[in-house]
Amino acid sequence: MKAKHQRLVLILLAFAAMIGAVLLAMSALKDQAAYFYTPADAVRARIEPGRAVRLGGMVADKSIIRDPDGVTTRFVVTDGQETVAVRFKGITPDLFKENSGVVADGAFAPDGAFIATNILAKHDERYMPPQVAGEMHETKSLER
Amino acid sequence: MIAEAGLAALWLAAALAALQLFLGASGLRGRGDMLAAVRPVAVAQAALTMLAFILLIVLFLRVDLSVALVAANDHSAKPWLYKFAGTWGNHEGSMLMWVTILAVAGAGVALLERRLEQRTLIATLAAQALISLGFYAFLLFASNPFARLDPAPAEGQGLNPLLQDPGLAFHPPTLYLGYVGLSVAFSFAVGALVTRDVGPAFARAMRPWVLAAWIMLTLGITAGSYWAYYELGWGGWWFWDPVENASLMPWLAATALLHSVTVLATRDGLRAWTVMLAVVAFSMSMVGTFLVRSGILTSVHAFAVDPRRGSFILVLLALYIGGALALFAARVGTVREGSRFDPVSREGALVVNNLLLSAILGIVLVGTLYPLIAESLTGEKLSVGAPYFNAAAGPIALALMAAMALGPLLRWGRDQLRALARRLALPLLLAAAALLATILIAPGIDILPLLGLVFAAGVGAASLAPLWKRNLRRTPLFTWGMVIAHLGVAVSVAGMASESAFTKETLVSVRLGEMVAVGGWGVRLEKVEPIAGPNWTAVQGTLTATPDGVSSYTLTPQARAFWAPPTETNESAILSRWNGQLYTVLGHKTEDGRWQLRLWWKPFVTLIWAGGALIALGGALALIGRLRREHRAAVREVWA
């Protein structure tokens, strides 16, 4: 094999590896990307149980219930149009409260409840994540 | 006055960068010996930038509230360490640190680089000045750290409490040294393309700079991971957060570069590829800077949302990366063919290493940018997290480990598969033993952690194999470096696999005096009391933990409330033992007077960071070994 050929083979291999990686990445993305839903979107989209999604909205008034085990919290997320019941086992963030913004990571259970694995609450204004800030804005204006 | 002096120093430094670029460019046209003129300019430019940075630190230490940046991020009640480190705990200050390191790296090249051919060195320094100019412009026009605030407020707004940790003094500087240190490799590549001088001598000159930046990057990432682990209180050590990916991507590229530059230096192969990687590595640093500093990401690292800054960095990014790639495309035809090699050889394994690292880099890049692109194109909001990265990058990382086991056991140029099989017999045996042992001990283990443990055992053994039958005292330092760095990877992967497979978690609400079991430990909540710090108050839980009912340890997790800015954080308490860590977090008080406790037992989790430290140590040994050998060679040349 001449040097030139070897170089060509190397370049082709590199291309194949990159294309392979991107294809692998794309197929994994299709299954694994967690889309952001408001309750209205989520109800409309009929998301299959078990699929990772992010649910964003307001914690509905008087909806927070703490279970007797002391670590499970139930609450309702609303965007003014639809509501979704959420169950979360863990330590809630300090700014998690009723009538305030929340983003929950998790998946729907077969019974229709949303099982959250992680909760982001509306932060202090200065350190609010841009994504949350955007969503909060939308949901707030919906409420009014 | 200090702020004005700082600003003036910055403007002067920018002017000197322009001068350095001009001198370099005319030096390349062959007007006299410009190197003698360029060198002092590069050093003076670095000194001025450093002065500006030190002046900003002084402003922060003095809490000079007439400076807008200080007023927005400092607070008189902060401990001095956080006044000091808070200098770079904000957008403008961290960009000034970025530029300072850029200028200092350039000055380092001007002062220390003696091996590189003169014209290439001039071109390199000109390229470094060109990069600096863009970022000076960014600082001066879009993120001036010295802007005044009139009237000055009575008190500053304080620093994000999540950042008020000793980690802030260590993690950003090391990370930036690595990040921005890669600019040297970028400038070297541009310089070599300009003068068409890509060869082993160029590679040998570039290698120590790449190594140094890579060591710092490794340390910075390792420190950042441990910091996130104990500070966030979520028990995880890597979240595939876009900001973490932004630091991982340059590391992956630099790791590939480190290996390909060795092929170029030793065997004169992979010429164009190495130059390309040097461009890509720093490009990834700039992409990372854009991701983090433009405020488009969700993170504690995203200090402020200002679309103007984002577009400014984006333009710089397009200019530099586009320009370098265009230069590469124009000149790659003139880069002579390197020498050939057999597929079964050290070079062959290093090519595989490079391809796999590039593939992982591609996967991380796609996963990091996809949410941004998808949102800007379709308006759909989505996030890409651990499931994607583990599924896509995990298998390739394992293949990469296999290549890492093989590579050092292969000879340069050409080798026999049969001989390789013989050298691999013992590592393969160990891997098989690990497989058997793991399946016996933990039958239900997931596939990825299982393979992680098996590969860690095999690679750990294989990484030591190059020392086999060698006189250890006569083994060159850089061989030791390779062995230790590879061993570090195995150690780290073992820690990751063990953490993900064997972690035990308990989440409960307990009354005072109640005992909880987690992973063989008994943990009792003794008392909960209020305490006060310099700029926070907290409720502190006192836990006693016992592994066997006899000995006992005390842990004190806190829930802190900072008042400037008003934020609450959970301070976890961690007990480190030789075989793992007990990780405890205190939650809220429930309505019936119980306290939430979240406890983890994480077997051998510390190996993750110990491995990272070993990798950096290996890099340091290799660096010292290379420099010593070259020094000796230079001395011999003088005497010959």
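Closer than 30 Å to B:Gly593 by Cα, in contact (Cβ under 8 Å) with a residue 60 or more places away in the chain and under 16 Å from the mean Cα position of the chain (by Cα): is that true of A:Asp79 in this structure? No.
Residue-wise test of (1) at the interface with chain A (Cβ under 9 Å from one of its Cβ atoms); (2) of a type outside the set (A, V, I, L, M); (3) within 26 Å of B:Ala142 (Cβ to Cβ).
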| site | (1), (2), (3) |
| --- | --- |
| B:Leu316 | no, no, yes |
| B:Leu325 | no, no, yes |
| B:Ala330 | no, no, no |
| B:Gly333 | no, yes, no |
| B:Glu347 | no, yes, no |
| B:Leu357 | no, no, no |
| B:Ile363 | yes, no, no |
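Here the helices (runs of 4 or more DSSP H) wholly within segment B:393-511 that include at least 1 residues being over 30 Å from the mean Cα position of the chain (by Cα) and at negative phi are B:417-441. Exactly one condition in (1) within 14 Å of chain A (Cβ to nearest Cβ); (2) assigned to a helix (DSSP H, G or I); (3) at pLDDT below 80 is false for B:Arg308; which is it? Evaluating B:Arg308 over (1) within 14 Å of chain A (Cβ to nearest Cβ); (2) assigned to a helix (DSSP H, G or I); (3) at pLDDT below 80 leaves (1) as the failure.
Residues in segment B:533-590 that are of a type in the set (Ser, Thr, Tyr) and away from chain A (no Cβ under 14 Å): how many? Summing the residues that are of a type in the set (Ser, Thr, Tyr) and away from chain A (no Cβ under 14 Å) in segment B:533-590 gives 9. For segment B:437-486, filtered to residues that are at pLDDT 90 or above and among the hydroxyl-bearing types (Ser, Thr, Tyr), the residue that is surrounded by the fewest Cβ atoms within 10 Å (Cβ to Cβ) is B:Thr479.
Tell me, which residue of segment B:365-406 that is in contact (Cβ under 8 Å) with a residue 40 or more places away in the chain and β-branched (Val, Ile, Thr) is farthest from the other protein chains (Cβ to nearest Cβ)? Result: B:Thr368.
Condition check ((1) closer than 19 Å to B:Phe290 by Cα; (2) part of a helix (DSSP H, G or I); (3) of a type in the set (Gly, Ala, Ser)) across all residues:
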| residue | (1), (2), (3) |
| --- | --- |
| B:Leu140 | yes, yes, no |
| B:Pro145 | yes, no, no |
| B:Glu155 | no, no, no |
| B:His171 | yes, yes, no |
| B:Leu177 | yes, yes, no |
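Filtering segment B:225-282 to residues that are under 27 Å from B:Ser339 (Cα atoms) and acidic (Asp, Glu) leaves only B:Asp268. Within segment B:425-434, identify whether any single residue is within 12 Å of chain A (Cβ to nearest Cβ), surrounded by 20 or more Cβ atoms within 10 Å (Cβ to Cβ), among the aliphatic types (A, V, I, L, M) and within 23 Å of B:Val352 (Cβ to Cβ), and answer yes or no. Scanning segment B:425-434, I find no residue that is within 12 Å of chain A (Cβ to nearest Cβ), surrounded by 20 or more Cβ atoms within 10 Å (Cβ to Cβ), among the aliphatic types (A, V, I, L, M) and within 23 Å of B:Val352 (Cβ to Cβ), so the answer is no. With the structure loaded, tell me whether B:Arg207 is of a type outside the set (Gly, Ala, Ser), touching a residue at least 60 places away in the same chain (Cβ under 8 Å) and at negative phi or whether it fails that test. Yes: the conditions hold for B:Arg207. Scanning segment B:581-640 for residues that are basic (Lys, Arg) and not in a helix (DSSP H, G or I) yields B:Lys589, B:Arg594, B:Arg598, B:Lys602.
The values are calculated or read from the model by the stated rules, or taken from the named source; none is laboratory data. Just so we're clear, the structure is a prediction, and the values are computed from it rather than from any experiment. When we count neighbours, we look across all protein chains shown, and the Cβ atoms used for this are built from the backbone with ideal geometry, even at glycine.
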